[in-house]
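Reading through the C-alpha cells given below for one structure.
Each value in this text was obtained by applying a stated rule to the coordinates, not by laboratory testing. Quick caveat: nothing in here was measured; it's all calculated off a predicted structure.
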Amino acid sequence: MGCRCCKKRKDSQELTDVERAIEIVINNFHCYAVKGRKECLTPNELKDLVGQRLPHLAKGVEPLEEKIECLGDNEEAKLQFGEYWDIMGDAAKVCREPKGKK
Amino acid sequence: MKGAGAKGSMAVAGDSSELEWAIQTLVKNYDKYAGKGCCCRKRRGIRKCDFRKMLKRELNHMLTDTKNKQAADKLIGDLDENQDGEINFDEYWNLIGGIASPISCLIRQREENEKFTK
C-alpha cells in the first residue's frame, strides 16, 4: 500500500513526545482511511493497518475478525475514529503486560 | 518497577514501527504520572490533580486551540463527577482519545482544504 502518511508538520519539533505520538496515531488512521467515507476505516483497511503498522503489537488486537464482526456485515462495516482508538488501546495493553505482572 | 526507561524494553523490540513507538509513548506517559506519589506501592491510577498537570505539560500545544481546550475542559469536568478519584489506564486512554478525536477531524478538514487549494 503506497502510503505517504505521517508527513511531519512544520511545527512538529515544538510538540512534546505525547503530542507527536497522538498525531502519529491520528495520521495512521487517515493514511489508511482512503476508500469511501474518509472518516472511517473499512475492515480491510483496518486489517492492512494492523498487519503493516503493528507487527509487534498485533497480538493485542486479536481476534481482529471478531471485533470487525461486531461492527456489522462486511459491506457496511466501518470503523470510526473512536473505535480505531479503542483498538489501539488494546494494542497498548501489550506494552504494559510484561512488567506489570510479577 | 524500575529500569523501564530503556527504549523498546518491553514487548516491543527496537525495530518497532512509528505507530508502535507512538503507542508506547502514550503508555509510558501513563506510567510516568501514575507512578507519582506512591513509590513502592502497587501500581495505581493517575490522580486527578496529576492528570491536570499532565494535560498542561504534555499537551499544551494541542490544547491551545480553543475548540480543543473546550474538549479538555469538558473532560476534566467529567473527571470531577467520577467519584473513583483515580484514572485507570482505560479511562486515561479514553480521555486521550477524546482529545485526539476532534484533532483528527481538524486534520482531515485541513487535508481536504489543501486538496482544493492545490
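How much length is gained on full extension from A:LEU64 to A:LYS47, taking 0.36 nm per residue of separation minus their Cα-Cα distance?
Here the answer is 5.3 nm.
List, in order, the whole-Hz ³J(HN,Hα) value for each residue of region A:44-57 obtained from phi through the Karplus relation with A = 6.51, B = -1.76, C = 1.60 and θ = phi - 60°; use x for Gly and Pro.
Going residue by residue, I get 5, 5, 5, 4, 4, 4, 5, x, 8, 9, 10, x, 9, 9 Hz, with x marking Gly and Pro.
Read phi for every residue in region B:52-60 and hand back ³J(HN,Hα) as whole Hz from Karplus 6.51 cos²θ - 1.76 cosθ + 1.60, θ = phi - 60°, with x for Gly and Pro.
Here the 3J(HN,Hα) series is 4, 4, 4, 4, 5, 7, 8, 10, 5 Hz.
Going down the list A:LYS35/B:LYS115; A:LYS47/B:LYS56; A:LYS67/A:LYS93, which pairs span over 24 Å between their C-alpha atoms?
A:LYS47/B:LYS56
Calculate one ³J(HN,Hα) per residue across region B:21-26 by plugging θ = phi - 60° into the Karplus curve 6.51 cos²θ - 1.76 cosθ + 1.60, and present them in order as whole Hz with x for glycine and proline.
Ordered by residue, 3J(HN,Hα) equals 4, 4, 5, 4, 4, 5 Hz.
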